[in-house]
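Notes follow the structure.
The values are calculated or read from the model by the stated rules, or taken from the named source; none is laboratory data. In this text, all values refer to a predicted model and were calculated from it rather than measured experimentally. With ideal geometry, Cβ positions are generated from the backbone for all residues, glycine too; neighbour counts draw on all protein chains shown.
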Amino acid sequence: MTHPDFKAKECPYDCWGNGACDPFSGRCSCNSRWTGLYCERIIGDFRIPEHNKTWYKPKAGITWQWQLQDEIDQSFDVDLYDVDVDTSATVISQLHDAGRKVMCYFSAGSWEEFRMDEAKLAQSIRGGPLDFGEGDVFTDEAWLDLRRMDMILEVMLERIDLARDKGCDAIEYDNLDMYIHDHNIPGAEFDLKIQLQFNIWLAEQAHARGMAVALKNSNEFSMFLADTFDMVVNEECWIFGNCDNYWPFINR
């Protein structure tokens, strides 16, 4: 029995549906396959390593250069370079020697035909091409079926470790917004929980390896991810008039 004035405490995100909320403490008790303060992480080989919570934390107002293709032009006097994760460790080291921080890019939400590890993401978990409307279609990429984390997470960990081993200070994860797009995966119905669990897992794996994380576009998820991601890389919010959606990052 409880006192008539007792008010149960709520758990953040309702434990993502992966556990039970203790009404007295407001803490989650996770089901067998889940872990984390809010039961947001899959346990097993994909657990978040323990770490000292120190990583590069960019300040507002830094200058940066974004170049994902061709030979990197190192002549820009900026604080941060954003390059592809396949950029050589030599170039990354040269940028460090020049006093630059380096962020490394890859798409975590899609299969990319040109990646060396593309065959590890099986055809069975690929959806349709990335189609953002008005002819903006990437036929050499396909959305990944996030229901099959067991076939995706290991590949992502290998890429995150690659970024760490090359000396990247941060990672720019692209295409973390499949939830709002036409993914063309047969029989797949996703809710926001699956998308955000994946995004948070990626961020915390990078943090555990001493790297910052950037949210690419995905302005719709800012209110959920501003406490986990360190910054945003946006391409066209001024054109589409949705820059204000990033207020959780701007005002924190």
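Given the criteria among the acidic types (Asp, Glu) and more than 12 Å from the chain's Cα centre (by Cα), does residue 230 qualify? Step through it out loud before you land on a result.
Values: among the acidic types (Asp, Glu): yes; more than 12 Å from the chain's Cα centre (by Cα): no.
So residue 230 fails the test.
Condition first: surrounded by 15 or more Cβ atoms within 10 Å (Cβ to Cβ) and under 23 Å from residue 15 (Cβ atoms). Can you find one or more residues in the range 157-175 that meet it?
Pass one, the range 157-175, residues surrounded by 15 or more Cβ atoms within 10 Å (Cβ to Cβ): 157, 159-160, 162-164, 166, 168-175.
Narrowing further to those that are under 23 Å from residue 15 (Cβ atoms): none.
No: the range 157-175 contains no residue that is surrounded by 15 or more Cβ atoms within 10 Å (Cβ to Cβ) and under 23 Å from residue 15 (Cβ atoms).
Could you please find all residues in the range 83-99 being more than 13 Å from residue 164 (Cα to Cα) and buried (at least 20 other Cβ atoms within 10 Å of the Cβ)?
Matches in the range 83-99: 83, 95.
Across the range 18-38, which residue is modelled with the lowest pLDDT among those that are in contact with a helix residue (DSSP H, G or I) (Cβ under 6 Å, 6 or more places away or on another chain) and under 21 Å from residue 202 (Cβ atoms)? I'd like the intermediate steps shown before the answer.
Quick first cut of the range 18-38, residues in contact with a helix residue (DSSP H, G or I) (Cβ under 6 Å, 6 or more places away or on another chain) only: 21, 28, 38.
Those still in the list that are under 21 Å from residue 202 (Cβ atoms) too: 28, 38.
On the way: 28: 88, 38: 75.
Per the criteria, the residue is 38.
Could you say whether any residue in the range 153-175 is of a type in the set (Lys, Arg) and within 21 Å of residue 111 (Cβ to Cβ)? Quick ask: steps written out before the conclusion?
Step one: list which residues in the range 153-175 are of a type in the set (Lys, Arg), which gives 159, 164, 166.
Retained after the next criterion (residues that are within 21 Å of residue 111 (Cβ to Cβ)): 159.
Checked the range 153-175: at least one residue is of a type in the set (Lys, Arg) and within 21 Å of residue 111 (Cβ to Cβ).
Kindly evaluate residue 62 against the criterion of being at pLDDT 85 or above, loosely packed, with under 13 Cβ neighbours inside 10 Å, of a type in the set (A, V, I, L, M, F, W, C) and under 24 Å from the mean Cα position of the chain (by Cα). Before the answer, list the steps.
Working: at pLDDT 85 or above: yes; loosely packed, with under 13 Cβ neighbours inside 10 Å: yes; of a type in the set (A, V, I, L, M, F, W, C): yes; under 24 Å from the mean Cα position of the chain (by Cα): yes.
Spelling it out, residue 62 is indeed at pLDDT 85 or above, loosely packed, with under 13 Cβ neighbours inside 10 Å, of a type in the set (A, V, I, L, M, F, W, C) and under 24 Å from the mean Cα position of the chain (by Cα).
Considering only the range 108-145, state which residues are closer than 19 Å to residue 158 by Cα, crowded, with 20+ Cβ neighbours inside 10 Å and small (Gly, Ala, Ser).
Listed by number, the residues that qualify are 108, 109, 110.
Those residues that are β-branched (Val, Ile, Thr) and in contact with a Leu (Cβ under 7 Å, 6 or more places away or on another chain), I need them from the range 228-242; list them, please.
Here is the first cut: in the range 228-242, the ones β-branched (Val, Ile, Thr) are 228, 232-233, 239.
Within the range 228-242, just 232 meets the criteria.
Out of all the residues in the range 176-220, which are among the small types (Gly, Ala, Ser) and surrounded by fewer than 21 Cβ atoms within 10 Å (Cβ to Cβ)? Let's see the steps before the verdict.
Within the range 176-220, the subset among the small types (Gly, Ala, Ser) is 187-188, 203, 206, 208, 210, 212, 214, 218.
Residues satisfying the conditions are 187, 188, 208, 210.
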